[in-house]
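What follows is a single structure, written as structure tokens, with notes after it.
The values are calculated or read from the model by the stated rules, or taken from the named source; none is laboratory data. Just so it is clear, the model here is predicted, and its values are computed rather than measured. Virtual Cβ from ideal backbone geometry, glycine too; neighbours counted across all protein chains shown.
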Amino acid sequence: MLPPREVLARYRIQDLLNQAEHARLVARLRSLHRTRRHAAKQVSIRATPAEDDNARLDQAQADEISSEVRVSTIELFFDLVFVFTVTQLTSLLAGEPTVAGVGRAVLIFGNLWWIYGGYAWLTNAVPPREPVLRLLLLAGMGGFLIVALAIPTAFDGGGVLFGLGYLLVTLVHTGMFLLSSHEHAVRAMRRLGPANAITAALLLLAAFTDGALQWTLWVAAFGLHWVSPFFTAVPGFPIRAAHFVERHGLIVLIALGESIVAVGVGMAGQGLGADRVVVAALGLTVVAALWWLYFDGEDERAERALDAAAVERASWLALYGFGYAFLPVLGGIIVFAAGVKNAVIQDGEPLAASTAWFLAAGVAAYLVGLAWFRRLLDIGPAGARLLLAGVVLPSAMVGLAFSPGAQLGVLAALVIGGVLAESAWMHRKGHKGSPAPACAGLRGAV
């Protein structure tokens, strides 16, 4: 059996050879495409349809190879484990619908979303094809499972378990990056890794405190994560746009599905009365409208924006759009899921204030996040979604005055109406097919 050092050396050599072969093939295809176009111009002959089709095919093949890394099944498996944290956060909010409960959920989710994003960047730069990388990714899943199990008591007796799980997730993430043969990835992690380790240490330390000091440590960990890119970023970190957008789209899709699961969990043992069935159906309708808001071309425009951006800008676009803006997007899904979980329990009666506001604020936060996402990537108008966010907030009054079905019906009507109106307007204006100018939302950011 070979010693570990020699196994690692052989793996890195093979990885470098694979990259070199990949780069050579892409360069050759693009060179053939340029040569053919240049020859057609030189003889002043317009390319025949067959030649034009061949040229487009060459270019398409080159583009396909250059973005060949897609989301693998092990990454999807990883996401399913991560979404258990979403389930736990939903239960935490539903069970403790107070200001303190919301604060705990925000701090826990903010720290978890950062490190999940780190894994999305990791597998984008270092695809988990080799057995050693897959085993490490499985170890990271184990860390997320430990963290998820400890979420309900993260500020109480489960804080040590949460901190140890988070430390494991962080160490695996750093180790996998350092195993990469990509120099930019290694350099980035040498700068970011210590900040992540400090954050993990803060969360573990918080487990041995309580009161104001505990909250301070959690806030410090949250803040350090989200400001660290501004002093640890390595310029020129490349992004595989298709993989990156697909990975984040899948987590949105799974989280939306989890909100449907919350409806089923809330109805468990409650009986299938007509009012509850109507509430469940209206909850599904709202979730479907939220799905439509993102997957009706938003992901495609985001991918084009990342592809069109220069390498130096693309990494900032990815961080701002899929990191910062996705905080309210996914946070909104969690808040709405907590609201609908509690709403199905009430049988045709006016809602509790926390439930009514969770329903309204969850949808509003999702809309604000998508508007911010558009603004940062410059892929469409943000004003309509901000307006719709403002319009759905007062729907809480309907729930407080009437019933969960009434509020969910109003929410469904408002969001569906907004979706249809915006879709018609964008088709008429031609936004759907036009490429985005990619970097206008980041002027002066780098």
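Please return the ranges of helices (runs of 4 or more DSSP H) entirely within segment 230-325 where 2 or more residues are touching a Pro at 6+ places or on another chain (Cβ under 9 Å).
Answer list for segment 230-325: 274-295, 298-308, 311-319.
Could you look through segment 154-197, keep only residues that are among the aromatic types (Phe, Trp, Tyr), within 24 Å of the chain's Cα centre (by Cα) and farther than 23 Å from ARG240 by Cα, and pick out the one that is surrounded by the most Cβ atoms within 10 Å (Cβ to Cβ)?
TYR166
Quick one: which residue in PHE144, PHE177, PHE162, PHE155 is in contact with a Lys or Arg (Cβ under 7 Å, 6 or more places away or on another chain) and in the same structural domain as ALA318 (by TED's automatic domain parsing)?
PHE155
Return the residues of segment 203-217 that are assigned to a helix (DSSP H, G or I) and touching a Phe, Trp or Tyr at 6+ places or on another chain (Cβ under 8 Å); say none if nothing qualifies.
Answer for segment 203-217, where residues must be assigned to a helix (DSSP H, G or I) and touching a Phe, Trp or Tyr at 6+ places or on another chain (Cβ under 8 Å): LEU203, LEU204, ALA206, GLN214.
Residue under question is ILE151, and the condition is that it be over 23 Å from the mean Cα position of the chain (by Cα) and part of a helix (DSSP H, G or I); does it hold?
No; evaluated as a whole, the condition is false for this residue.
Results for (1) crowded, with 20+ Cβ neighbours inside 10 Å; (2) more than 23 Å from ALA185 (Cα to Cα); (3) charged (D, E, K, R), shown as yes or no for each residue.
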| residue | (1), (2), (3) |
| --- | --- |
| ASP210 | no, yes, yes |
| ALA220 | no, yes, no |
| ALA233 | no, no, no |
| ALA241 | yes, no, no |
| PHE244 | yes, no, no |
| VAL263 | yes, yes, no |
| GLY269 | no, yes, no |
| ALA280 | yes, yes, no |
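Okay, residues lined up against (1) under 26 Å from PHE336 (Cα atoms); (2) of a type in the set (Ser, Thr, Tyr); (3) assigned to a helix (DSSP H, G or I); (4) free of Cβ contacts under 8 Å to residues at least 24 places away in the same chain:
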| residue | (1), (2), (3), (4) |
| --- | --- |
| LEU112 | yes, no, yes, no |
| GLY117 | yes, no, yes, no |
| ILE146 | yes, no, yes, yes |
| LEU164 | no, no, yes, no |
| VAL172 | no, no, yes, no |
| MET189 | no, no, yes, yes |
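Which of the residues spanning segment 365-383 are touching a Gly at 6+ places or on another chain (Cβ under 7 Å) and either of a type in the set (Ser, Thr, Tyr) or on the phi < 0 side of the Ramachandran plot (or both)?
Scanning segment 365-383 gives ALA365, TYR366, GLY369, PHE373, ARG374, ARG375, LEU376, LEU377.
Among THR174, THR199, THR232, which is among the β-branched types (Val, Ile, Thr) and modelled with pLDDT of 95 or more?
So the residue among THR174, THR199, THR232 that is among the β-branched types (Val, Ile, Thr) and modelled with pLDDT of 95 or more is THR199.
State all residues of segment 46-78 that are of a type in the set (Asp, Glu) and at pLDDT 95 or above; if no residue qualifies, say none.
Correct list: GLU75 only.
Which numbered condition trips up LEU224, out of (1) within 16 Å of PHE336 (Cβ to Cβ); (2) without any contact (Cβ under 8 Å) to a residue 40 or more places away in the chain?
Result: LEU224 fails condition (1) only.
Before we move on, is ARG304 surrounded by fewer than 22 Cβ atoms within 10 Å (Cβ to Cβ), of a type in the set (Lys, Arg) and closer than 27 Å to TRP121 by Cα?
yes
Please find, within segment 334-355, the residue that is modelled with the highest pLDDT out of those that are out of contact with any Lys or Arg (no Cβ under 9 Å at 6 or more places or on another chain) and charged (D, E, K, R).
Out of the qualifying residues, it is LYS341.
How about segment 92-110: which of its residues are assigned to a loop (DSSP other than H, G, I, E, B) and either touching a residue at least 40 places away in the same chain (Cβ under 8 Å) or closer than 10 Å to GLY331 by Cβ (or both)?
PRO97, THR98
Could you tell me whether LEU137 is more than 23 Å from ALA220 (Cβ to Cβ), within 21 Å of the chain's Cα centre (by Cα) and crowded, with 21+ Cβ neighbours inside 10 Å?
Yes: the conditions hold for LEU137.
Condition (residue is modelled with pLDDT under 95, crowded, with 19+ Cβ neighbours inside 10 Å, part of a helix (DSSP H, G or I) and touching an Asp or Glu at 6+ places or on another chain (Cβ under 6 Å)) applied to segment 125-133: is it met by at least one residue?
Within segment 125-133, not a single residue is modelled with pLDDT under 95, crowded, with 19+ Cβ neighbours inside 10 Å, part of a helix (DSSP H, G or I) and touching an Asp or Glu at 6+ places or on another chain (Cβ under 6 Å).
Six or more apart or on different chains, Cβ under 7 Å: which pairs go from a residue in segment 148-159 that's of a type in the set (A, V, I, L, M, F, W, C) to one that's part of a loop (DSSP other than H, G, I, E, B)? Could you list them?
Within 7 Å, the pairs are ALA150/GLY158.
Need pairs with beta-carbon distance below 8 Å; first residue within 23 Å of ALA338 (Cβ to Cβ) and in contact (Cβ under 8 Å) with a residue 60 or more places away in the chain and within segment 284-300, second among the hydrophobic types (A, V, I, L, M, F, W, C) and surrounded by fewer than 17 Cβ atoms within 10 Å (Cβ to Cβ); sequence gap 6+ or separate chains.
Matching pairs, first to second residue: THR285/ILE416; ALA289/ILE416.
Would you confirm whether any residue within segment 356-371 is more than 22 Å from TRP291 (Cβ to Cβ), assigned by TED's automatic domain parsing to the domain that holds TYR119 and either at pLDDT 95 or above or basic (Lys, Arg) (or both)?
yes
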